[in-house]
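This report refers to the structure that appears directly beneath it.
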Amino acid sequence: MFRKIIITCISLFVSGFIFAQDATTLVQNGVDINVMYRNEAVFGLLAHSNGFGMTYRRAKHVTGTRKRVLEVELVNMSHPKEIKSVNPYFENSKGFYYGKLNSIIIPRVGIGFQNVLFRKAERKSVEIRYSTYLGASIALAKPVYLEILHQTNINSEFNLSTEKYDPNEHTFDKIYGRAPYFKGFDETKFFPGGYAKFAISFEYADLRNDVKVIETGITLDAYPKVVPIMAYTSNYQLFPSIYISLIYGKKWF
């Protein structure tokens, strides 16, 4: 009896190995068969309710319908009260956000799990998944620099100087426009925190080793300290956002 069990197990193992080898060969020859690619790498662009960003993910199947995902993202974060302005008293003046103290860039690194809700019925259908993520989030606050007008001794003539925005001194009429973005980069302050995310994704790729996804979800960035973005209004520690992203990538064994 024991001998028969051993022989049966060996037979199943060998037949499974042969099938896997044949499946790989068929895929390489362009024949569409249902095999599971264990690894996945994707890149995406996203728009969220407070700005834009990009994402990179590396995933691996832990079961047939569940993946473990490493996620790296980079997004900017604006304040709801940001309004682009132009000084109307000077020709060719540049746009700026009056009252903006800091530009915020947020890198995120997190780990999550993606689960299949509805599998593809056929190759050209859509697979629906849901995902959850937790990780570290750091708000990088770069001070805003502006071109400031200083009147000379000659009437109606002004000099321009690049200065860090000071709401106590730089009134609207003294601002000519924004300075180069990277001015003040060496003065960036760090606000460490964390983030959580919930997402629903729709995978629609025709080829089984391609990844084409439309994803939407909600993200919450949280910090122990208030992140200063704007003067003359409240700033926050919590940044909820709704996003949509387009994601492309590849799968492999």
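We did not get these values from a lab; they are worked out from the coordinates using the rules stated. Small disclaimer: the values here were computed from a predicted structure and weren't measured. Glycine also receives a Cβ, built like all others from the backbone with ideal geometry; neighbour counts cover every protein chain displayed.
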| query | For segment 147-253, what is the convex hull (Cα atoms) projected area averaged across all directions, in square nanometres? | reply | 12.0
| task | Return one number: the angle in degrees, 0 to 90 and rounded to the nearest 10, between the long axis of the Cα atoms of helix 2-28 and the longest principal axis of the Cα atoms of the chain. | result | 50
| task | Quote the relative contact order of segment 61-155 in percent (integer), defining contacts as alpha-carbon pairs under 8 Å separated by 6+ residues. | result | 28
| How big is the charge dipole of the chain about its Cα centre, in debye rounded to the nearest 20, if each Lys and Arg gets +1 on its Cβ and each Asp and Glu gets -1 on its Cβ? | 1400
| If each of Thr171 and Asp186 carries a label point 7 Å out from its Cα toward its Cβ, how far apart are those two points in nm? | 3.3
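Within segment 116-184, which GluC sites (Glu not before Pro) sit in a loop by DSSP and count at most 10 neighbouring Cβ atoms inside 10 Å? Intermediate values should be presented prior to the final figure.
On the way: sites: Glu122, Glu127, Glu147, Glu157, Glu163, Glu169; in loops: Glu122, Glu157, Glu169.
For GluC sites (Glu not before Pro) across segment 116-184 that sit outside H, G, I, E and B with at most 10 neighbouring Cβ atoms in 10 Å, the list reads Glu122, Glu157, Glu169.
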| note | Relative contact order in percent for the chain (Cα pairs under 8 Å, 6+ apart) equals 20
| said: Within 10 Å of each candidate Cβ there may be at most 12 other Cβ atoms; applying that plus a DSSP loop requirement, which chymotrypsin sites (Phe, Trp or Tyr not before Pro) in segment 43-115 survive? | reply: Tyr89
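Using the Kirkwood radius built from alpha carbon pairs, what does the Stokes-Einstein equation give as D for the chain at 20 °C and 1.002 mPa s, in µm² per second? Before the final figure, lay out each step's value.
On the way: Rh = 22.1 Å.
The calculation lands on 97 µm²/s.
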| said: Based on alpha-carbon centroids, what's the gap between segment 213-242 and segment 86-139 in Å, whole number please? | reply: 11
| said: Test of understanding: what is the full-extension gain from Tyr236 to Ile83, defined as 0.36 nm times their sequence separation minus their Cα-Cα distance? | reply: 53.3 nm
